[in-house]
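Asker: Input: one structure, supplied below.
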Amino acid sequence: MSSDRYQIESCQRTFLKDYSHFIHQTPVWKLPGRALGVACAEVWLKLEHFQTGGSFKARGMLNRLLSNPIPASGVIVASGGNAGIATAAAARELGVHCEVFVPEVSSPAKRARLAALGAQVVVTGATYAEALQACLARQQETGALLTHAYDQPEVLAGAGTLALEIEEQASLPDAVLVSVGGGGLIGGMAHWFERRARVVALEPELAPTLFKAREAGQPVDVSVAGIAADSLGAKRIGALAWTATQAHVQDALLLSDEAIRAAQLWLWKELKLAVEPAAALPLAALHSGVYVPRADEKVCLIICGANLDPATLA
């Protein structure tokens, strides 16, 4: 077993032993492909939007906090919203102070959730990258433990426990469709599945960090905009995710905002799943034909987050 998979297993053991009240084993909902209008044998929905904090991020953020000494100044993070919510929830669980820097593009619903969790919220910068720079400057002043939204080993290992769960709950899928922002989720999942399952990276056309990195042969800065920018708004793919995806991810595919929005509304209207746009990319890939499964394929869709304003589903 690789050292990365060992770290994921170790993280999962800690969650199950001491934090099963905080990190939930979220359900896998198996449906025949035709139930979702898809010509494949089965579609599995990994309902990670039921996770603490409303997204997969709780796994990596708690692991980061548990793996390091936390100073009196607490923890600090820059986030489009979900990583901040997860860090704030983990900080509250451990009884430590949390400061969260969010960009102006972050949704009011996510800011309200941060405040409700007791975090000190700082809104600054037009993009996540600008909020991160302000966060790093503040961390130098306070000495708080920095929790990165996607580019720390503990964060990837925590995210990888989601993949381990899928295999334990439902066996090994043929393909796993994963939304990509900075790459913490797909990095962790790639480390667990390696090439035993086909891990497919999905990005909005208006925030193509991994796609553009592959074109350039290395991580590069990209412009970020669009419907999913509050969650998938990283300016550059994380270094750790870049390494993991180069080794284990064959496909990096792009989705239009129109396809993402249509899939988000379909999930609500047809399955009553209220999820944010970032969580709709896997279904959008199937409905739009960007990813075409084999007829006998078992495809797992990672429904990664639900921090949205319910009014947007009207």
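Asker: Using a Gaussian network for the chain with springs between C-alpha atoms less than 10 Å apart, which of these wobbles most: Pro153, Pro32, Pro219?
Answerer: Pro32
Asker: If I model a spin label at Val220 and Leu16 as a point 7 Å from the Cα along the Cα→Cβ vector, what separation in nanometres do I get?
Answerer: 4.4 nm
Asker: Count charges around Ala170 for me, please; just the other residues with Cβ under 10 Å from its Cβ, Lys/Arg as +1, Asp/Glu as -1.
Answerer: That works out to -1.
Asker: Can you sort Arg138, Arg113, Arg34 from fewest to most other Cβ atoms within 10 Å of each residue's own Cβ?
Answerer: Arg34, Arg138, Arg113
Asker: Right, next: Of all DSSP beta bridges located in the chain, what percent are antiparallel, nearest 5?
Answerer: Given both bridge residues lie in the chain, the antiparallel proportion sits at roughly 15 percent.
Asker: How large are Rg and Dmax for the chain when only the alpha carbon atoms are used, in Å?
Answerer: 17.8, 56
Asker: Let me ask another. How do Lys212, Lys272 rank when sorted from fewest to most other Cβ atoms within 10 Å of their own Cβ?
Answerer: With the sparsest Cβ surroundings first, the list reads Lys272, Lys212.
Asker: For every helix of n ≥ 4 consecutive DSSP H residues, a contribution of -39,500 (n - 2.57) applies; sum these over the chain, divide by its total residues, and give [θ] at 222 nm rounded to the nearest 500 deg cm²/dmol.
Answerer: Dividing the helical sum by the residues of the chain leaves -13000 deg cm²/dmol.
Asker: Now a separate question. Using bins 10 angstrom wide from zero, how does P(r) for segment 30-130 break down, in % of all Cα pairs?
Answerer: 16, 39, 23, 14, 8, 0
Asker: Just how far, in whole angstrom, is segment 271-314 from segment 64-129 if you go by their alpha carbon centroids?
Answerer: Comparing the Cα centres of segment 64-129 and segment 271-314, I get a distance of 26 Å.
Asker: Starting from the Cα-Cα distance between Glu194 and Leu31, subtract it from 0.36 nm times their residue separation and give me the gain in nm to one decimal.
Answerer: Additional length available on full extension: 56.2 nm.
Asker: If you rank Leu36, Leu62, Leu177 by fewest surrounding Cβ atoms within 10 Å, what's the result?
Answerer: By the 10 Å Cβ count, ascending: Leu36, Leu177, Leu62.
Asker: I need the calculated FRET efficiency for the pair Ser256 and Arg92, taking r as the beta carbon distance and R₀ as 41 Å, to the nearest 0.05.
Answerer: Efficiency, rounded to the nearest 0.05: 0.60.
Asker: Would you mind calculating the relative contact order of segment 57-146 from Cα pairs under 8 angstrom and at least 6 residues apart, reporting the percent as a whole number?
Answerer: 33 percent
Read-outs throughout are calculated quantities, based only on the coordinates presented, and are distinct from any laboratory measurement. This is a predicted model, so every value here is computed, not measured. Cβ atoms come from the backbone with ideal geometry, glycine included; neighbour counts cover every protein chain shown.
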